[in-house]
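Below is one structure; the comments refer to it alone.
The values are calculated or read from the model by the stated rules, or taken from the named source; none is laboratory data. Everything numeric in this text was worked out from a predicted model, so none of it was measured. Backbone-built Cβ (ideal geometry, glycine too); neighbour counts: all protein chains shown.
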Amino acid sequence: MTDQYYEGLGRHKAATARVRLHVSGSGDVVVNDKPVADYFPRTGDTDRLMEPLRATETEGRFDVTVKVKGGGITGQSYAVRLGIARALLKVDPDLRSVLRKGGFLTRDSRVKERKKPGLKRARKAPQYTKR
């Protein structure tokens, strides 16, 4: 038997998340084969990635499985949030207005700026000495 699911891809900074919403679910959230509370120990990160499900009142209707890699913990949680929102859009296109209003469909394109030659970091110049 094949389990029906909807997939969404989310990215933030260097993090990439592949999210699957399984239709016949009980609300379990698994990230990289671990329960969500184990993978994201800070409650703020867990709450953040559940926001699209709460906004659309679909929490508990789907089993969520996530494969996430790259970046840090917070960046990964934002990537998962975008992936969940995009997968929900495939489940029901009528949810677009709710997700858009909550800001869950907007990809935050800010990434780390590259270091420039002659500078210490992207913009920080070496200290000027007069003599």
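Within segment 56-69, residues that are farther than 19 Å from residue 37 by Cα and without any contact (Cβ under 8 Å) to a residue 12 or more places away in the chain have Cβ atoms under 9 Å from residues that are β-branched (Val, Ile, Thr) and assigned to a loop (DSSP other than H, G, I, E, B) in no pair, counting only partners at least 6 apart in sequence or on another chain. Could you look through segment 20-71, keep only residues that are within 12 Å of the chain's Cα centre (by Cα) and of a type in the set (A, V, I, L, M), and pick out the one that is surrounded by the fewest Cβ atoms within 10 Å (Cβ to Cβ)? Filtering first and then ranking leaves 50. Considering only residues in segment 1-14 that are touching a strand residue (DSSP E or B) at 6+ places or on another chain (Cβ under 8 Å) and closer than 27 Å to residue 97 by Cβ, the one that is surrounded by the fewest Cβ atoms within 10 Å (Cβ to Cβ) turns out to be 4.
Residues are listed down the side, and each one gets a yes or a no for (1) in contact with a Ser or Thr (Cβ under 7 Å, 6 or more places away or on another chain); (2) at pLDDT 95 or above; (3) within 30 Å of residue 24 (Cβ to Cβ); (4) of a type in the set (A, V, I, L, M):
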position	(1), (2), (3), (4)
92	no, no, yes, no
112	no, no, no, no
116	no, yes, no, no
120	no, yes, no, no
126	no, yes, no, no
